């Protein structure tokens, strides 16, 4: 059994220097969405390359049509060691509105908040503090052992906060160089301040916009009402019938590829104490919707959905206008799980809609993207090793969770590079990412470094 105490002690001893490096990176206003900060994004990439080269990596800035990528490689003590690709992003969100910040967003500091120490500044949590936990873990490993326990490739991008337009072309052009045994992503959160989490599932997404056309113009409801087709009626009936009385989605074939969550995983979720009342109470609700007989965590992490995101039709201005609209439209999204096929879901939805359209009316569709769900096996050796390593570091055992949303890069790694991703992050729900007064708990940064030391050691073992 590896004695990690010298490595962990080194992380503790050098925490002040690790913090200063984080402060240096946060001081660079690498806002990717604003062209005025293009030079700062370049500067952040170059700063990371210098740090990586100083750590013994072979690192370089890779230009793209947008902001540059940072790519680095490091060998391991053993040629047979696993190979991990670590991903993070150095760009940050804009700071607007600046007047709501308590301090300069690019002047990081350590402050007291609710009885604990936090690191303030834009990007401290999303994602500079997170990615540096990994680099500082590598630094401690190199300082004590002179080598790393696994082979590591680094990929840092500078456009995550602006939609990653350069990422897919870069992955495609550099597939052989970037492919590894698995990917490590540190852009997520813990369950609570004492309980680390590994995200094993991310829901996929299908977006559709439909427009139903009836008459060739808006009609007077007194003259035509009762005789002319009303596209608002047609549309709302179609949308209402997407679910049955038990909350199940009615599209033919919708549940193909959806598997039940293992009972032990559901039991671990139940033990977290998240009730419908506590979850929905935060938004002024109390009664769960969706499929009956399932917990709110199962509904939001492990079950597929069909949601209407917007409806437009008829007169919606001030006052009242008695018309039968010529057109009505809706935006509909489907969250996918398991092996649901986005193309099949889209085709099933369109077939379903077309079957409900009267012969003298028409429907048009507009696609708004589609991506499959990501599911890491709950008994994956990589996941199990990371879970045990995290449990050794934190007061409470690590939990395996799902995520209701999507992280596109994880899907890209799976689809383009054939790699599963291990999602481990140390953010907190109150980190205010994308908002004024972003922060990162000092404990998250410190124990995040220690956590990666433990994970790297665990991943190196058979």
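The values are calculated or read from the model by the stated rules, or taken from the named source; none is laboratory data. On a predicted model such as this, the values are computed, not experimentally measured, just so you know. Neighbour counts run over all protein chains shown; Cβ positions are idealised from the backbone, glycine included.
The residues of segment 267-289 that are within 24 Å of the chain's Cα centre (by Cα), in a loop (DSSP other than H, G, I, E, B) and farther than 19 Å from residue 201 by Cα, listed by number, are 273, 275, 282, 283, 288, 289.
With the condition kept exactly as written, say whether any residue in segment 178-201 is part of a helix (DSSP H, G or I) and in contact (Cβ under 8 Å) with a residue 12 or more places away in the chain. Within segment 178-201 (the criterion being part of a helix (DSSP H, G or I) and in contact (Cβ under 8 Å) with a residue 12 or more places away in the chain), the answer is yes, since at least one residue qualifies.
Pairs meeting the criteria (first residue in segment 225-253 and in the same structural domain as residue 350 (by TED's automatic domain parsing) and on the phi > 0 side of the Ramachandran plot, second residue surrounded by 12 or more Cβ atoms within 10 Å (Cβ to Cβ) and outside any loop (DSSP other than H, G, I, E, B), beta carbons under 6 Å, at least 6 apart or on different chains) are 253/348. Remark: residue 91 falls outside the filter, which requires a residue to be touching a residue at least 12 places away in the same chain (Cβ under 8 Å), surrounded by fewer than 17 Cβ atoms within 10 Å (Cβ to Cβ) and either within 20 Å of residue 127 (Cα to Cα) or not assigned by TED's automatic domain parsing to the domain that holds residue 438 (or both).
Residue by residue, here is whether (1) in contact with a helix residue (DSSP H, G or I) (Cβ under 7 Å, 6 or more places away or on another chain); (2) crowded, with 18+ Cβ neighbours inside 10 Å holds:
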site	(1), (2)
336	yes, yes
343	no, no
355	no, no
365	yes, no
378	yes, no
395	no, no
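Based on this model, can you work out whether residue 443 counts as in contact with a helix residue (DSSP H, G or I) (Cβ under 9 Å, 6 or more places away or on another chain), surrounded by fewer than 20 Cβ atoms within 10 Å (Cβ to Cβ) and in the same structural domain as residue 106 (by TED's automatic domain parsing)? Here the answer is no, as residue 443 does not meet what is asked. Taking the criterion of being at pLDDT 95 or above and either in contact with a strand residue (DSSP E or B) (Cβ under 8 Å, 6 or more places away or on another chain) or surrounded by 17 or more Cβ atoms within 10 Å (Cβ to Cβ) (or both), the residues of segment 193-205 that qualify are 193, 195, 196, 197, 198.
Quick check on segment 258-266. Is at least one of its residues outside any loop (DSSP other than H, G, I, E, B) and under 24 Å from the mean Cα position of the chain (by Cα)? Scanning segment 258-266 turns up at least one residue that is outside any loop (DSSP other than H, G, I, E, B) and under 24 Å from the mean Cα position of the chain (by Cα). Is it true that residue 281 is surrounded by fewer than 20 Cβ atoms within 10 Å (Cβ to Cβ) and on the phi < 0 side of the Ramachandran plot? Considered against the rule, which asks whether it is surrounded by fewer than 20 Cβ atoms within 10 Å (Cβ to Cβ) and on the phi < 0 side of the Ramachandran plot, residue 281 comes out as yes. Considering segment 318-433, the qualifying strands (runs of 3 or more DSSP E), each wholly inside and each with 1 or more residues that are in the same structural domain as residue 217 (by TED's automatic domain parsing), run over 327-336, 362-371. Looking at segment 1-109, the helices (runs of 4 or more DSSP H) lying wholly inside it that each contain 1 or more residues that are at pLDDT 95 or above and within 27 Å of the chain's Cα centre (by Cα) sit at 15-26, 38-54.
If the condition is being surrounded by fewer than 19 Cβ atoms within 10 Å (Cβ to Cβ) and either within 24 Å of residue 234 (Cα to Cα) or touching a strand residue (DSSP E or B) at 6+ places or on another chain (Cβ under 6 Å) (or both), then segment 291-313 contributes 307, 308, 309, 310, 311, 312.
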